[in-house]
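Undergrad: Structure in structure tokens, see below.
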Amino acid sequence: MVRTNNQLPSSFRDPSGYIFNDNGIIKRRIFPVYFEQYKALKSQNVFNKLFDLGLLIEHEELFENDSEMVIQPKQIPFITYPYEWCFNQYKEAALLTLKLQKYCLEHNFSLKDASAFNVTFYKGKAIFIDTLSFDFYQENQPWRGYKQFITHFLGPLLLAYYHGAQSLKLVSNFIDGIPLKMLSSMLPLKSKLNPFLYSNIHLLAKFEDKHNEDYVGKSKVASLSKKAQFNIIDSLYDYIKKLTLKENSEWGNYYSKTNYADDAFLQKSNSINKWVNKIEAKRLIDVGGNDGAFVRQIQRNVEIALVCDIDNNAVDSNYKSIKLNKESNIIPFVLDVLNPSSSIGFNNEERDSFVDRVKKFAPDVTLALALIHHISLSGNIPFKMSANFFASFSQYLIIEFPKRDDSWVERLLNNKGEFKDYFEFYNIENFELSYSENFEILEKKSIVNSKRVMYLLKNKNDK
């Protein structure tokens with residue numbers, strides 16, 4: 001089957017079909033090898049039921065002949081990857097995958113894989129996006145995706161549980177799953193005394209290391225009844241659902257301990273509201289947005305708001321608020337602005353970088369609040385470089401500048417010790433001079449009872 005040049009590099013592995021970009025619209029081409037499965041899923045109403053349950057991204061059929069079929073899924077404005085999820089997002093993605101597999105088994109189908117990259121977040125919740133991952137269930141055949149589920153979901157969640165949420169970022173180094181032997185070695189010795197962990201991690205790693213094949217694969221388990229598979233799925237689901245993190249962070253409670261007075265916080269919020277309304281923003285991104293506090297203060301009906309932060313606890317707090325308030329327009333994710341997600345995978349093209357994705361997202365406005373001093377003083381990033389970064393994707397930029405006598409700035413400068421004098425460049429005059437190369441200053445407002453200044457900037461290169 002000939003594949004077209006507009007095929008997305010992320011879908012080259014699947015022999016059943018691939019996704020492609022048709023003038024900015026994402027579509028999926030299906031090959032005849034998958035026609036039987038697709039038509040069975042359709043005729044037995046499995047697709048529609050999964051759509052109704054909100055488990056699978058909806059699609060419509062556009063074209064069909066003897067050699068191909070083309071479908072168009074609902075368009076997701078911004079794809080987040082597993083290594084950008086907070087702990088509870090990761091949990092939800094894992095539980096979604098298990099729900100899907102259980103539903104499939106109940107209807108004589110099965111997921112042929114269990115990659116975490118088959119899931120993203122859309123309208124406030126996890127959604128499965130690989131329409132071609134479903135296959136016929138074969139009597140007494142083990143779940144083909146079991147080992148992949150362990151290496152993509154259970155393993156990373158366990159590492160986060162024992163070693164902290166930063167462990168989830170390991171998935172960016174192992175996009176085919178964290179190796180079983182590595183998982184087993186990284187878990188504490190006491191985990192071997194837990195029957196569930198021993199059977200699903202340590203024993204699995206032992207047999208793979210000894211036989212170089214899946215424990216539930218060709219020679220070790222010749223058959224596995226459907227009832228036994230349900231038991232495995234239920235045990236995985238129950239264990240993962242109970243997992244929690246017990247770790248504190250500097251930023252998880254930022255707005256409860258910030259140096260803002262109430263009137264300063266209100267004035268800052270009002271300025272953001274005024275400017276977002278002035279430019280009639282429909283899409284925005286809050287870089288370093290903590291728990292989304294200021295995005296929630298925006299009164300304008302923003303269609304999509306991306307809110308990213310370096311801190312898992314802050315993103316987790318935001319995510320819990322999204323679930324509690326049933327907010328469908330906020331997409332939270334973990335991002336270190338000093339080291340944003342890069343392009344990875346074969347030929348560095350399977351997973352797009354953050355910068356490439358946010359450029360395609362094309363926000364009307366970027367918020368950078370309480371951030372520039374961390375970029376400049378924690379990351380040693382010159383103003384010119386951060387200005388170039390924001391200008392690469394920002395039509396408008398709302399940015400907050402804390403002056404040198406701001407308490408957080410003083411703290412960061414004092415941490416520099418004998419190199420403190422090197423950071424004499426950090427002042428409002430140099431900031432305005434550097435950012436004026438990329439941006440026009442439309443408005444500038446000092447925040448009362450604070451040492452901070454708010455700016456509304458417009459990209460000079462924007463047409």
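Quick note: the coordinates plus some simple rules give every number you see, no bench work behind them. Remember, it's a predicted structure, so these values are computed and weren't measured experimentally. When we count neighbours, we look across all protein chains shown, and the Cβ atoms used for this are built from the backbone with ideal geometry, even at glycine.
Undergrad: Given R₀ = 56 Å, FRET efficiency for Val448-Phe136 by Cβ-Cβ distance, to 0.05? Could the numbers behind the result be given before it?
TA: On the way: r = 66 Å, r/R0 = 1.19.
E(calc), rounded to 0.05, equals 0.25.
Undergrad: Moving to a separate point now. If you take the beta carbon distance between Ala40 and Met385 as r and set R0 to 51 Å, what does 1/(1 + (r/R0)^6) give as a FRET efficiency, to the nearest 0.05?
TA: Details: r = 54 Å, r/R0 = 1.06.
My answer for the efficiency is 0.40.
Undergrad: So if I restrict to the alpha-carbon atoms in the chain, what is the Rg, and what is Dmax, the biggest pairwise distance, in Å?
TA: 24.3, 73
Undergrad: For a quick protection proxy, order the peptides 101-112, 301-312 by their average other-Cβ count within 10 Å, most packed first. Before the final figure, lay out each step's value.
TA: On the way: 101-112: 18.8, 301-312: 21.0.
The densest-packed peptide leads the list: 301-312, 101-112.
Undergrad: Suppose the chain between Lys282 and Asp336 were pulled fully straight at 0.36 nm per residue; how much longer would it get relative to their current alpha carbon spacing? Before the final figure, lay out the partial values.
TA: Numbers: separation 54, 0.36 × 54 = 19.44 nm, distance 2.45 nm.
Full-extension gain reported as 17.0 nm.
Undergrad: Which whole-Hz couplings ³J(HN,Hα) result when phi for each residue of segment 366-380 is put into the Karplus expression 6.51 cos²θ - 1.76 cosθ + 1.60, θ = phi - 60°, listed in order with x for Gly and Pro?
TA: 10, 9, 10, 9, 6, 10, 4, 5, 6, 4, 7, 9, 7, x, 6
Undergrad: Another question, then. List the aspartates and glutamates whose Cα sits under 20 Å from the Cα of Lys192, skipping any in the same chain fewer than 8 residues away.
TA: Glu208, Asp209, Asp214, Asp238
Undergrad: Going by amide H atoms built from the backbone, whose H comes under 5 Å of the H on Ile381, apart from near neighbours?
TA: Answer set, sorted by chain and number: Ser376.
Undergrad: Under 27 Å Cα-Cα from Lys451, which lysines qualify once same-chain neighbours fewer than 8 residues away are excluded?
TA: Lys257, Lys268, Lys274, Lys278, Lys384, Lys403, Lys416, Lys420
Undergrad: What's the exposure ranking of Tyr239, Tyr435, going from fewest to most Cβ atoms within 10 Å?
TA: Values: Tyr239 16, Tyr435 24.
So the ranking, lowest neighbour count to highest, is Tyr239, Tyr435.
Undergrad: Still on this structure, please answer the following. With only Lys, Arg, Asp and Glu charged, each at its Cβ (+1 for the first two, -1 for the last two), find how big the charge dipole of the chain is about the Cα centre; round to the nearest 20 debye. Working shown, then result.
TA: Values: 58 positive and 55 negative charges, 172 e Å.
The dipole of the chain has a size of about 820 debye.
Undergrad: Measuring from the lowest to the highest alpha carbon on each principal axis, how far does segment 9-73 reach, largest first, in angstroms?
TA: 29, 25, 22
Undergrad: When Rg is the radius of gyration of the Cα atoms in segment 99-139 and Rh is its Kirkwood radius, what does Rg/Rh come to?
TA: Working: Rg = 11.0 Å, Rh = 10.9 Å.
Across segment 99-139, the Cα-based Rg/Rh ratio is 1.01.
Undergrad: Please compare each pair in Lys112/Lys320; Lys169/Lys246; Lys320/Lys444 to a cut-off of 26 Å on the Cα-Cα distance and tell me which ones are over it. Mind showing how you got there, number by number?
TA: Values: Lys112/Lys320 31 Å; Lys169/Lys246 18 Å; Lys320/Lys444 34 Å.
Cα-Cα > 26 Å for Lys112/Lys320; Lys320/Lys444; rest within.
Undergrad: Given the peptides 338-346, 199-207, 389-397, arrange them by the average over their residues of other C-beta atoms within 10 Å, most packed first.
TA: Values: 338-346: 15.2, 199-207: 19.0, 389-397: 20.9.
Highest to lowest by the protection proxy: 389-397, 199-207, 338-346.
Undergrad: Another one. Please tell me which of these pairs span more than 31 angstrom C-alpha to C-alpha: Lys91/Lys181; Lys323/Lys445; Lys147/Lys282?
TA: With Cα atoms farther than 31 Å apart: Lys323/Lys445; Lys147/Lys282.
Undergrad: Please enumerate, by chain and number, the aspartates and glutamates with C-alpha under 17 Å from the C-alpha of Lys458, excluding those fewer than 8 residues away in the same chain.
TA: Hits, sequence-local ones excluded: Glu280, Asp286, Asp364, Glu400, Glu432, Glu437, Glu440, Glu443.
Undergrad: Moving on. Provide the gained length on full extension for the span Lys416 to His107, in nm with one decimal, where the gain is 0.36 nm per separating residue minus the Cα-Cα distance.
TA: Numbers: separation 309, 0.36 × 309 = 111.24 nm, distance 6.20 nm.
Additional length available on full extension: 105.0 nm.
Undergrad: Once you have the alpha carbon radius of gyration of segment 76-220, what is it after dividing by 2.2 N^0.38 Å, with N set to its residue count? All intermediate terms of the calculation are to be shown ahead of the outcome.
TA: Values: Rg = 15.3 Å, N = 145, 2.2 N^0.38 = 14.6 Å.
For segment 76-220, the normalised Cα radius of gyration comes out at 1.05.
Undergrad: Long-range amide H contacts for Arg144: which residues qualify at under 5 Å (H placed 1.01 Å from N, peptide plane, sequence gap of 5 or more or a different chain)?
TA: Here nothing satisfies the definition.
Undergrad: Using Cβ counts within 10 Å as a stand-in for footprinting exposure, how do Arg300, Arg13 rank, fewest first? Don't skip to the end; give the middle numbers.
TA: Values: Arg300 15, Arg13 12.
The order, fewest Cβ neighbours first, is Arg13, Arg300.
Undergrad: Also: Spin-label point model (7 Å from Cα, Cβ direction): what's the Lys323 to Phe423 distance in nm?
TA: Spacing of the two 7 Å Cα→Cβ label points: 3.7 nm.
Undergrad: Net charge near Gln267, counting Lys/Arg +1 and Asp/Glu -1 over other residues with Cβ under 13 Å of its Cβ?
TA: Values: positive: Lys268, Lys274, Lys445, Arg452; negative: Asp262, Asp263, Glu400.
Local charge sum for Gln267: +1.
Undergrad: Now for a different question. What is the set of long-range amide H partners of Gly17 at a cut-off below 5 Å, with H atoms built 1.01 Å from backbone N?
TA: Counting only residues 5 or more places away or on other chains, the set is Phe31.
Undergrad: A follow-up question, please. Compute the length gained on full extension between Asn347 and Lys274: take 0.36 nm times their separation in residues and subtract their Cα-Cα distance, giving the result in nm to one decimal. Mind showing how you got there, number by number?
TA: Values: separation 73, 0.36 × 73 = 26.28 nm, distance 4.42 nm.
Length gained between Asn347 and Lys274: 21.9 nm.
Undergrad: Once label points are set 7 Å from the Cα along Cα→Cβ at both Leu8 and Ile25, what is their separation, rounded to one decimal in nm?
TA: Result: 1.5 nm between the two label points.
Undergrad: If you take the C-alpha gyration tensor of segment 254-459, multiply each eigenvalue by 5 and take the square root, what semi-axes do you get, largest first, in whole Å? Intermediate values should be presented prior to the final figure.
TA: Working: eigenvalues 123, 92, 65 Å².
Semi-axes, largest first: 25, 21, 18 Å.
Undergrad: Under a plain spin-label model, where a point goes 7 Å from the Cα along Cα-to-Cβ, how far apart in nm are Asn173 and Asp263?
TA: 5.1
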